[in-house]
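One structure is given below, encoded as structure tokens.
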């Protein structure tokens, strides 16, 4: 699976989805894209999953229009630091394979 991390997902999280190709919007130069542009371009580039921390994005976008699964990491303390997100990795790993394109999956601790 090809996973694209949104810009606010810490880079250290990329090493955790073992067996999957992970990339970052910052690395590929998409940091300035709007959420709609990001979703469209991620689909066009062949990504399977968009990994986000942006809790506002689900109310701003209709994911059903896009052929990509969106996974929202929602840590208990609402922090965006790697140490706060690592406890969500087991849920992320089990969800990545089962995530449905065009739908949002929320992983909470």
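No lab work stands behind these numbers, since they all come straight from the coordinates. Predicted, not measured: the structure shown is a model, and the values here were computed from it. Every residue, glycine as well, gets a Cβ built from its backbone with ideal geometry; the counts of neighbours run over all protein chains shown.
Applying 0.36 nm per residue to the separation of residue 43 and residue 59 and subtracting their alpha-carbon distance, the gain on full extension is 3.8 nm.
For segment 55-102, what does the alpha-carbon gyration tensor say about shape, rounded, prolate or oblate, given a ≥ b ≥ c as the root eigenvalues, a/c under 1.5 as rounded, and a/b over b/c as prolate?
Numbers: a/c = 3.70, a/b = 1.42, b/c = 2.59.
Oblate.
Between residue 20 and residue 108, what length in nm is gained on full extension when 0.36 nm per residue of separation is reduced by their alpha carbon distance?
Numbers: separation 88, 0.36 × 88 = 31.68 nm, distance 2.10 nm.
So the extension gain works out to 29.6 nm.
Report the normalised scattering of segment 23-66 as log10 I(q)/I(0) at q = 0.14 Å⁻¹, calculated by the Debye formula with identical scatterers on the alpha carbons. Log-scaled intensity ratios, in q order: -0.30.
Model label sites at residue 82 and residue 98, defined 7 Å from Cα along the beta-carbon direction, differ in position by 2.8 nm.
Based solely on its DSSP helices, what 222 nm [θ] is calculated for the chain when runs of n ≥ 4 H residues each add -39,500 (n - 2.57) and the sum is averaged over all residues, nearest 500 deg cm²/dmol? Intermediate values should be presented prior to the final figure.
Working: 4 runs with 26 residues, N = 109.
Theoretical 222 nm ellipticity from helices: -5500 deg cm²/dmol.
Over all pairs of different C-alpha atoms in segment 2-108, the reciprocal of the mean inverse distance, the Kirkwood hydrodynamic radius, equals 13.6 Å. Under the criterion of Cα pairs below 8 Å and six or more residues apart, the relative contact order for the chain equals 29 percent.
Taking Cα atoms, how many degrees apart are the long axis of helix 35-44 and the longest axis of the chain, rounded to 10 and kept between 0 and 90? The helix 35-44 is inclined about 80 degrees to the chain.
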